[in-house]
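Below is one structure, written out as structure tokens; the observations come after it.
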Amino acid sequence: DFGRSSELAFVVEPSDDIAVQEQPLILYCQVEGIEPITITWRKNGVMIVDSENAFMLANGSLYVSRFQRLRGDGSSDEGEYDCMAQNHYGLLVSRKAKIQAATMSDFHIHPQNAVVEEGGVARFQCQIHGLPEPVILWHKNSMPVNTDNERYTLLPKGVLQITGLKAEDSGIFHCVATNIANVKFSREARLTVSGSHSTVYKDPMILVGPENLTLTVHQTAVLECIATGNPRPIVSWSRLDGRPIGVEGIQVLGTGNLMISDLTVQHSGIYVCAANKPGTRVRRTAQGSLVVQAPAEFVQHPQSISRPVGTTAIFTCVAQGEPPPQITWLRNGQILETSDHIKLKNNNSTLSIYGINQADEAIYQCLAENSAGSTQASARLTVLWADGLPSPPQGVRAETVSATTIQVSWEKPLQNTKEIIGYVLHIRKAADPVEMEYQEAVSKSTFQQLVTDLEPSTSYSFYIKAYTSRGASKASEVTVVSTLGEVPAMPSLFIKVINSTTVQATWEPSIKLGQHEGFKLYYRKVHLSQYTGPVLLASNITAYNITQLDASVVYEVKLLAYNQHGDGNSTVRFVSLRETVERTVLNPPCDCMKDEQNNKTSTTGIIIGIHIGVTCIIFCILFLMFGYRGRLLMCKNVQEQLSTPQIPRSQRSATGLILNGATRRDRDDRDLNGKQLDMNELERLFPASPSQEQQEKGITSAHSPSAPHDETQISTLPLDEFSIIEEQPDPLPKNPHGSSPAAPAPDHGPANEG
């Protein structure tokens, strides 16, 4: 019964039009569907009553006998027209047709006189507004311009370009604008071509670049670009976003104008005109934007549906266009108002009707509209109602059992109860939208249901439907009841000992406790029966210090959360401060200032001790070096006296090194030339094992000017050697085999000891 041919639908809808003043106008409207069908017309939302000027034809079209832009009473035939069709199943509204009067203004841009040198570029422009867009033609010397001449380019917006000027191009030009409203002529302008073609170099320059355009799909866009220069520049086009312009529907007019035919939304963008000097990278650019609009059109139409009473009906309407269209829903020609059981989602693309009833049966329309145009689509909702269905369940009651449970009870319907196969309980938070509703099925012999897992202190609505194999009954009356309030949960309590008289109680943030107003804290000595407290704490407090405690006893700490429904269960902890006291006695707290001073004193003492020790070592080394240096020199003198022939100074130095570094037994061995030294002579010259004090005296006397000594001893102790040893007290030089006679050997025993 509800096939496509029976649906009320438009075969022809009124379309946008431009009407001529004092001429007749016909707006077409044709509908199909189940008869009888009534058609009416509206202008700007107001019903049109048949009159001598405007009346409806037999086929449903509207006839305006003499269209007038402005009547004597101030009214106008311009406006938005739509036709409405209605039959037994509903009412349908057509798309809106925009009707405008044909007009033509005066020229607001006239061509101007121009003097251009031969070979240059001339440009004339006329501009005039009108509906429909006037067609502009150019005349030269009162004759139409020869458009077959490829040097002459006529652009749709009233521009005449002449390139490669010659003397024969001189003349008088004017333009003629024509549309269905009027014909108008512009003022005349003279073109003078002067001189011969110049060979002077000129940088490329763009005289006129592209202007910003807003057009509709399938129209034609012309982007103007005219450039001059010597040599003549090459004009090229590109898109600012880097995308290719393409070749389909693209054409170049004249020497650089871009024409795009059969526009699509993809042609929108910013176009760049470049004037390039041949063979170089010298260029000049200009740019303009092209916006292509697309009227609204449907991607998905709403579909007519049939649904039983009490169920949900969903219509989907998806439209596209540029700019994106706005979607509006109508119900039997009137704007649809949303309510608890009528919802719009997804930017009005989805219409949902919950718990439908007979009053919801209608024709629903989706209107999609943007600045480029509008369109409409419709669908019918049929509400199924079978005879003999049960009447609504009776006596629905809801009683609160606890903070999370409500018991709902009802009585069976008064009529048609034999075919009942069960009941469905509909549950929803009173504050939630209808689509958040959920259901619970109940057997036909059960007349009560315990609803669990509810939220405390929350209102819920309930209603019942009885179901048969042929459909559901109407909904019962709705009952609303709230769950009981709930006391907060037990908080998690932790105790931390701060010192011998203070502990800190901490607990988890309040969000985990549910609804509560605050906390109560109690504490007591375990051997006492009475608590200290309660200490009332706000809900955002999560810690509290208990002070002035006795360290010798054990304390019990108790914490609970409370709200308007009462106190929650408490959490108990025990704490002793005795161990803290014992640790304090065994490990007294440090005096940080005193320790710091002691550390500073100790550090200073260590540094001073190191300096003293290093100084002592240096003095010891110097003492040993000077002592053994004197003995070595004396040994050298004896060797020079006893040895034949004399040993060179370098060899004496080496011998001195050997003697000075040897043990007592080695010092009794033979000298370098193999001769044994006379022991008696050595003992006479060098008394055995002289003390350290005697060595110091010997060295001092060697340096004293009054001390008796021979010339040989003085010559072996030059002053420069003393100065070198005093400046460098290191007993371990890098080159132990150097030629200096005062250099100690690496194995020098006393030096190592020092």
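The values are calculated or read from the model by the stated rules, or taken from the named source; none is laboratory data. Quick caveat, the model's predicted, so the values are computed rather than measured. Using ideal geometry, Cβ is built from the backbone for each residue, glycine included, and neighbour counts are taken over all protein chains shown. Accessible surface areas use protein heavy atoms only, side chains included; no ligands, DNA or RNA. Shrake-Rupley method; radii C 1.70, N 1.55, O 1.52, S 1.80 Å.
If you scan the stretch 523-563, which residues turn out to be open to solvent by less than 50 Å² (accessible area, probe 1.4 Å), of a type in the set (A, V, I, L, M) and part of a loop (DSSP other than H, G, I, E, B)?
L549, A551, V553
Can you tell me which residues in the stretch 143-167 are assigned to a loop (DSSP other than H, G, I, E, B) and open to solvent by 80 Å² or more (accessible area, probe 1.4 Å)?
Step one: list which residues in the stretch 143-167 are assigned to a loop (DSSP other than H, G, I, E, B), which gives 145-151, 156-158, 163-166.
Across the stretch 143-167, the qualifying residues are N146, T147, D148, E150, P156, K157, K166.
How do the pairs read when you match residues in the stretch 152-169 that are without any contact (Cβ under 8 Å) to a residue 24 or more places away in the chain with residues anywhere that are among the aliphatic types (A, V, I, L, M) and open to solvent by 50 Å² or more (accessible area, probe 1.4 Å), using Cβ under 8 Å and keeping only pairs 6 or more apart or on different chains?
L154/L137
Quick check: is even one residue across the stretch 368-382 under 48 Å from the mean Cα position of the chain (by Cα) and charged (D, E, K, R)?
Kept after step one, since they are under 48 Å from the mean Cα position of the chain (by Cα), are these residues of the stretch 368-382: 368-382.
Adding the requirement that they be charged (D, E, K, R) leaves 369, 380.
The answer is yes, given that some residue of the stretch 368-382 is under 48 Å from the mean Cα position of the chain (by Cα) and charged (D, E, K, R).
Please go through the stretch 423-461 and give me each residue that is over 16 Å from K412 (Cβ atoms), among the β-branched types (V, I, T) and surrounded by fewer than 14 Cβ atoms within 10 Å (Cβ to Cβ), ordered by number.
T452
What residue, of F67, F55, is on the phi < 0 side of the Ramachandran plot, of a type in the set (A, V, I, L, M, F, W, C) and part of a loop (DSSP other than H, G, I, E, B)?
F67
Exactly one condition in (1) within 18 Å of S500 (Cα to Cα); (2) modelled with pLDDT under 90 is false for I546; which is it?
(2)
Which of the residues that make up the stretch 26-46 are out of contact with any Phe, Trp or Tyr (no Cβ under 9 Å at 6 or more places or on another chain) and assigned to a loop (DSSP other than H, G, I, E, B)?
Matches in the stretch 26-46: Y28, E35, P36, I37, G45.
Determine, yes or no, whether V193 is crowded, with 17+ Cβ neighbours inside 10 Å and touching a Ser or Thr at 6+ places or on another chain (Cβ under 8 Å).
yes
Please go through the stretch 93-113 and pick out each residue that is within 46 Å of the chain's Cα centre (by Cα) and buried (at least 18 other Cβ atoms within 10 Å of the Cβ).
Scanning the stretch 93-113 gives V93, S94, R95, K96, A97.
Which members of the stretch 77-88 meet the condition of being under 51 Å from the mean Cα position of the chain (by Cα) and either over 30 Å from L8 (Cβ atoms) or surrounded by fewer than 21 Cβ atoms within 10 Å (Cβ to Cβ) (or both)? Show your work before the answer.
Initially, the stretch 77-88 is screened for residues under 51 Å from the mean Cα position of the chain (by Cα), giving 78-85.
If the condition is that a residue be under 51 Å from the mean Cα position of the chain (by Cα) and either over 30 Å from L8 (Cβ atoms) or surrounded by fewer than 21 Cβ atoms within 10 Å (Cβ to Cβ) (or both), then E78, G79, E80, M84 are the ones that fit.
So if I check each of R307, R331, which one is closer than 23 Å to C83 by Cβ and surrounded by 16 or more Cβ atoms within 10 Å (Cβ to Cβ)?
The unique qualifying residue is R331.
Only one of V272, V292 is at pLDDT 95 or above and either touching a helix residue (DSSP H, G or I) at 6+ places or on another chain (Cβ under 6 Å) or among the hydroxyl-bearing types (S, T, Y) (or both). Can you tell me which?
Of V272, V292, the one residue that is at pLDDT 95 or above and either touching a helix residue (DSSP H, G or I) at 6+ places or on another chain (Cβ under 6 Å) or among the hydroxyl-bearing types (S, T, Y) (or both) is V292.
Testing E440 on (1) of a type in the set (D, E); (2) touching a Leu at 6+ places or on another chain (Cβ under 7 Å); (3) assigned to a loop (DSSP other than H, G, I, E, B), one condition comes back false. Which one is that?
With respect to (1) of a type in the set (D, E); (2) touching a Leu at 6+ places or on another chain (Cβ under 7 Å); (3) assigned to a loop (DSSP other than H, G, I, E, B), E440 is out only on (3).
Would you list the strands (runs of 3 or more DSSP E) that sit entirely within the stretch 320-429 and hold 3 or more residues that are farther than 30 Å from E455 by Cα? Reasoning before the result, please.
Working: elements: 326-331, 342-345, 350-353, 362-370, 373-384, 394-400, 406-411, 422-429.
In the stretch 320-429, the matching strands (runs of 3 or more DSSP E) lie at 326-331, 362-370, 373-384.
State which residue pairs qualify: first residue part of a strand (DSSP E or B) and inside the stretch 300-318, second residue aliphatic (A, V, I, L, M) and open to solvent by 40 Å² or more (accessible area, probe 1.4 Å) in any location, beta carbons under 6 Å apart, and separation of 6 or more residues or different chains.
From residues that are part of a strand (DSSP E or B), the pairs are Q300/V318; S306/L384; P308/L384; V318/V299.
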